[in-house]
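What follows is a single structure, written as structure tokens, with notes after it.
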């Protein structure tokens with residue numbers, strides 16, 4: 001990634017357009033991800049299974065199919081160690097627009113010979129989705145923006161308390177493992193005085209935008225989802241005009257395939273209808289995408305007919 005000067009994150013909500021095409025890189029951002037078994041100290045945080053290295057600072061997480069939780073961190077110089085005895089949840093899977101996670105965390109802070117306790121709360125909220133515009137004419141549709149707020153007290157052994165508020169915005173696309181853009185604001189309050197710092201970075205190389213992989217678009221007459229929004233169920237109708245392959249699935253707005261309705265099957269000339277009850281698929285309230293690929297043609301993710309709203 002590339003470090004950039006901080007910019008305002010823009011509006012929340014559905015169908016936003018964020019124009020960050022004018023941002024200018026100021027430095028390179030180095031980072032890597034590996035399992036804790038590959039790390040230098042695999043037993044440092046026994047509950048963690050993933051280590052994220054950013055500029056030599058190491059962050060430790062437990063990654064499962066359902067969630068990502070942070071258990072601690074160590075600075076590059078090894079002088080600061082933070083341990084979360086009650087970890088905070090960074091993400092749940094699947095995660096879609098308007099979904100929110102709230103929780104509390106506790107931990108310890110050790111800087112050389114200085115000790116402190118940590119007590120705070122966090123929220124993770126998918127507050128927006130839309131089109132993200134980046135430098136060099138990069139335009140990514142159907143990006144999901146996730147806003148994270150972390151607010152906590154750091155209380156030292158002598159009784160002094162600092163209050164820290166960290167707000168981070170991350171933009172995700174279905175083609176990328178890591179966020180495309182990250183904007184962070186850090187406020188530290190001590191003895192009645194608040195200092196603010198910022199961090200920002202973006203990913204200049206994107207493998208492909210979600211719409212770039214679509215060879216052609218299906219007209220609404222050949223693929224439709226209705227009613228929408230709905231209460232209990234909806235129907236997917238599709239038309240196969242010539243014998244060939246059919247693949248239909250439900251995705252979250254980050255592009256993760258959640259449920260397969262038709263699994264790349266060969267169909268004759270055919271008019272099909274599929275009834276779907278979201279409650280049986282454990283779909284929570286939010287917005288999802290139904291994508292169909294028939295004989296190589298796909299329903300565009302930007303067309304109105306394939307976004308479903310679970311109420």
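Just so it is clear, none of the values below were taken in a lab; they were calculated from the coordinates. Everything quoted here is computed from the prediction, not taken from an experiment. Here Cβ is always computed from backbone atoms with ideal geometry, including for glycine, and neighbour counts include all displayed protein chains.
Among 141, 69, 8, which comes first, then next, by fewest other beta-carbon atoms within 10 Å? Mind dumping the intermediate values first?
Working: 141 17, 69 21, 8 10.
Placing the least packed residue first, the sequence is 8, 141, 69.
On the beta carbon distance between residue 93 and residue 191, with R0 = 45 Å, the FRET formula returns roughly 0.65.
Return 154, 145 ranked ascending by Cβ neighbour count within 10 Å, so the fewest neighbours appear first.
Numbers: 154 19, 145 28.
Fewest to most other Cβ atoms nearby, the residues stand as 154, 145.
The order of 75, 36, 155, 266, going from fewest to most other C-beta atoms within 10 Å of their C-beta, is 266, 75, 155, 36.
Averaging 1/r over every pair of different alpha carbons in region 2-202 and inverting the result gives a Kirkwood radius of 18.1 Å. FRET efficiency for the pair residue 243 and residue 32, taken as 1/(1 + (r/R0)^6) with r the Cβ-Cβ distance and R0 = 45 Å, rounds to 0.45. With both labels modelled 7 Å from their Cα along Cα-to-Cβ, the residue 66 to residue 5 distance reads 4.6 nm.
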